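First the structure, in the form of structure tokens, and then the observations on it.
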Amino acid sequence: MIYRRRATPLHSARAGAGASYCAALATAALVLSNPVALGAVLVAVLAAGHAAGVGRDLRRAALWGVPLALAIGGVNALVSRNGLTVIARLGDLPVLGQTDITLEATVYGAILGLRAVVLILCGVLYTIAVDPDEVLMGLRRVSYHSALSATLATRMVPVLIRDGRRLADAQRCRPGRPPSRVALMRAACSGVLDRALDVAAALEVRGYGARRPARHRSARAPLSRHDLGFGAAAAALLALAVAARVAGAVPFAAYPALRCPAGAGVLAVSAGLLVCALVPFADRRGVRG
């Protein structure tokens, strides 16, 4: 599963808009627990993948995610001791002890498994529909310095460990009371800091850390209709999911007794999620392959 350029609105949008869209779908899956609303998010991701021409890849990923979902649901049903409605008594099991499987724990495990599948599909949609080179280009000013800092830090840690061992070996060869670990650490840190200054000076001479052009020329191009569409869809998905959760429009409670209504509010939120997720695909003007 790799990114391939396709003639779809999602592929024509900028990487920032596409990534925000996928992140909004994943956030909706994390925020909502009602199975109807969560199922609507699943349908929205699958429909978005079909509209983006990657439906086969998403279906393949879903088949890989089903065993994980079953495992999550089974583990929660066996381990959780919450819930009032006992549907199976397994007796005294090794390690687990007295095990009673409740309806509430089984349903909540199924919700967790479904959420895991949705998150996997959101990640797959991002991987195969958002240009990774464009993402890296957008983060180049941050990732460039971060990669350099991480490289230097990981290089200095082994140096610090080796210096500490050598100093400890040298101190053991001297007569008298051995030095404390604090003294060894102080000496080793001072040595590694001196080396770090030398490395920084060498990198500065070679031009590392010099300022680069503020923006790439293509980044100054005006936003396209697809950028605006998927950006607005991401904002609408996020706002709808959070507002529904805060307002209690999609209630769900697994413990101690199962409460999972599917009234008009839940159906309205679910329909709104589907509409917000699929509207950007309706405009195919200016699609670039």
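Data for the structure
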item	result
Exclusive hit being within 26 Å of the chain's Cα centre (by Cα) and not aromatic (Phe, Trp, Tyr), set Ala243, Ala262, Ala257	Ala243
Pairs where the first residue, in region 12-24, is part of a loop (DSSP other than H, G, I, E, B) and the second is modelled with pLDDT under 90, C-beta under 6 Å, 6+ apart	Ala13/His226; Ala13/Asp227; Arg14/Asp227
Residues (over 15 Å from Arg4 (Cα atoms) and among the small types (Gly, Ala, Ser)) located in region 49-69	Ala61, Ala62, Gly65, Ala69
Leu223, sole failed condition from (1) modelled with pLDDT of 75 or more; (2) assigned to a helix (DSSP H, G or I)	(2)
Filtered residue count, region 68-109, keeping only those that are closer than 11 Å to Tyr255 by Cα and among the aliphatic types (A, V, I, L, M)	4
Breaking point among (1) exposed (fewer than 14 other Cβ atoms within 10 Å of the Cβ); (2) more than 19 Å from the chain's Cα centre (by Cα); (3) in the same structural domain as Ile120 (by TED's automatic domain parsing), for Arg4	(3)
Set Cys173, Cys189: member being outside the structural domain of Leu46 (by TED's automatic domain parsing) and modelled with pLDDT of 75 or more	Cys173
For Ala282: the one exception among (1) at pLDDT 85 or above; (2) surrounded by fewer than 14 Cβ atoms within 10 Å (Cβ to Cβ); (3) farther than 26 Å from Asp227 by Cα	(3)
Per-region count, region 238-259, residues in contact with a strand residue (DSSP E or B) (Cβ under 9 Å, 6 or more places away or on another chain) and not in a loop (DSSP other than H, G, I, E, B)	2
Region 96-130, residues that are of a type outside the set (Val, Ile, Thr) and free of Cβ contacts under 8 Å to residues at least 24 places away in the same chain	Leu96, Gly97, Gln98, Asp100
Lone qualifier among Ala243, Ala254 - being assigned by TED's automatic domain parsing to the domain that holds Ala15, more than 30 Å from Asp131 (Cα to Cα) and crowded, with 21+ Cβ neighbours inside 10 Å	Ala254
Total residues in region 83-115, condition over 18 Å from Leu32 (Cα atoms) and within 24 Å of the chain's Cα centre (by Cα)	0
Leu70 being within 20 Å of the chain's Cα centre (by Cα) and at pLDDT 90 or above	no
Test for Arg206: is it of a type in the set (Lys, Arg), within 34 Å of the chain's Cα centre (by Cα), at pLDDT below 85 and loosely packed, with under 10 Cβ neighbours inside 10 Å	no
Selected residue [farther than 30 Å from Thr8 by Cα and charged (D, E, K, R)] from Arg89, Arg56	Arg89
Output for region 260-281, where each listed residue is more than 16 Å from Ala234 (Cβ to Cβ) and assigned to a helix (DSSP H, G or I)	Ala264, Gly265, Val266, Leu267, Ala268, Val269, Ser270, Ala271
Those residues of region 258-267 which are surrounded by 13 or more Cβ atoms within 10 Å (Cβ to Cβ), more than 14 Å from Gly39 (Cβ to Cβ) and either of a type in the set (Gly, Ala, Ser) or modelled with pLDDT of 90 or more (or both), in sequence order	Gly265
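The values are calculated or read from the model by the stated rules, or taken from the named source; none is laboratory data. Since this is a predicted model, take the numbers as computed values, not measurements. So basically every Cβ, Gly included, is an ideal-geometry build from the backbone, and we count neighbours across all protein chains shown.
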